[in-house]
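Below is one structure, written out as structure tokens; comments come after it.
The values are calculated or read from the model by the stated rules, or taken from the named source; none is laboratory data. Keep in mind it's a predicted model, so treat the numbers as computed, not measured. Here the Cβ is made from the backbone with ideal geometry for all residues, glycine too, and neighbour counts use every protein chain on show. The area values use the complete protein model at the heavy-atom level, side chains included, leaving out ligands, DNA and RNA. Shrake-Rupley method; radii C 1.70, N 1.55, O 1.52, S 1.80 Å.
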Amino acid sequence: MGGKDLGFDRNNVVVIPTGLWYKNKSFKDELLKNPNVLGVTATAYAPVDFNWQVTLAVDRAGRTDSIRAAMIWADKDFAKTYKLEIVKGQFLQIDYTGFWKALEADTARKPSAEERFSLPAVINETAEKSIGYRDPIGERIGRYVIVGVVKDFHFRPLHYPIAPMIMVYDPQNIMTMNVRIADKNRAATLKYIGDTYRKYRNTRGFSYSYLDDLLAQKYQDEIRL
């Protein structure tokens, strides 16, 4: 279990609970100025155990149906930082500014409830099979439009089979920064990350975990056995 390929690169990723909300982008941009920071993505949580389930409407050959899926909130750099394989379409190409402009546009044109929030979404291969679209790109799922499909990866512990998943961007649900760092100069890189964080949140202590350690916590029963 400890050595299984999870479908994403788990090595050298530092997970930081930020609580920065709308300052996440500035924090992220400053981190990327350090040459030992190789990638940064903002998410709701680390990809250790995403279990927030939603039921979304889908249209199958003119018949309305629904799909139960895990929802993951992440920004446009999640696939790049975690090295996910995109098998169809593209990944989320929307940022903080684009998100609010999309919502403002929806408000201005006063669409029906079914048409609102035409924001991009990425699904996994399991969700694609469950929906049954020959080509899901451009199709709607709930209030989102599918722009890409990623190869299945384990976003829950290995005790659970891979389930349908939908990934969207929503800055109001971003609470964690995932930072891929170089294997060298770790101490100096972590100090830089901590110093940068304190510029934005000096009233809260800086803490971090390695993704590998968070994953290992999910298998404590097996490790003890």
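What the table below lists for this structure:
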| quantity | calculated |
| --- | --- |
| Qualifying residue in the stretch 124-146 (condition: under 16 Å from the mean Cα position of the chain (by Cα), farther than 30 Å from Thr55 by Cβ, not in a loop (DSSP other than H, G, I, E, B) and not small (Gly, Ala, Ser)) | no |
| Hits in the stretch 154-184 (condition: among the hydrophobic types (A, V, I, L, M, F, W, C), more than 16 Å from Trp52 (Cα to Cα) and either under 13 Å from the mean Cα position of the chain (by Cα) or open to solvent by less than 10 Å² (accessible area, probe 1.4 Å) (or both)) | Met177, Val179, Ile181 |
| Residue list for the stretch 6-32, restricted to those being within 18 Å of Tyr82 (Cβ to Cβ), out of contact with any His (no Cβ under 9 Å at 6 or more places or on another chain) and at pLDDT 90 or above | Asp9, Arg10, Asn11, Asn12, Val13, Val14, Val15, Ile16, Pro17, Lys28, Leu31, Leu32 |
| Per-region count, the stretch 71-93, residues touching a Lys or Arg at 6+ places or on another chain (Cβ under 6 Å), closer than 17 Å to Glu139 by Cβ and modelled with pLDDT of 95 or more | 1 |
| Conditions (1) at pLDDT 90 or above; (2) over 19 Å from Pro120 (Cα atoms): number failed by Gly62 | (1) |
| Filtered residues of the stretch 200-216 (kept if touching a residue at least 40 places away in the same chain (Cβ under 8 Å) and not aromatic (Phe, Trp, Tyr)) | Arg201, Arg204, Ser207, Ser209, Leu211, Asp212, Leu214, Leu215, Ala216 |
| Filtered residue count, the stretch 185-224, keeping only those that are open to solvent by 60 Å² or more (accessible area, probe 1.4 Å), in a helix (DSSP H, G or I) and closer than 15 Å to Phe27 by Cβ | 4 |
| Cβ pairs under 9 Å, 6+ apart, first in the stretch 42-67 and under 21 Å from Pro171 (Cβ atoms), second β-branched (Val, Ile, Thr) and outside any strand (DSSP E or B) | Ala42/Thr18; Ala42/Ile174; Thr43/Ile174; Ala44/Ile174 |
| The one condition in (1) closer than 18 Å to Leu190 by Cα; (2) within 18 Å of the chain's Cα centre (by Cα); (3) exposed (fewer than 13 other Cβ atoms within 10 Å of the Cβ); (4) not hydrophobic (A, V, I, L, M, F, W, C) that Pro35 fails to fulfil | (2) |
| The stretch 1-16, subset touching a residue at least 60 places away in the same chain (Cβ under 8 Å) and farther than 17 Å from Asp77 by Cα, residue surrounded by the most Cβ atoms within 10 Å (Cβ to Cβ) | Leu6 |
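Residue-by-condition table, conditions (1) free of Cβ contacts under 8 Å to residues at least 60 places away in the same chain; (2) out of contact with any Phe, Trp or Tyr (no Cβ under 6 Å at 6 or more places or on another chain); (3) more than 15 Å from Ala121 (Cβ to Cβ):
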site	(1), (2), (3)
Gly138	yes, yes, no
Ile141	no, yes, no
Pro161	yes, yes, yes
Thr176	no, no, yes
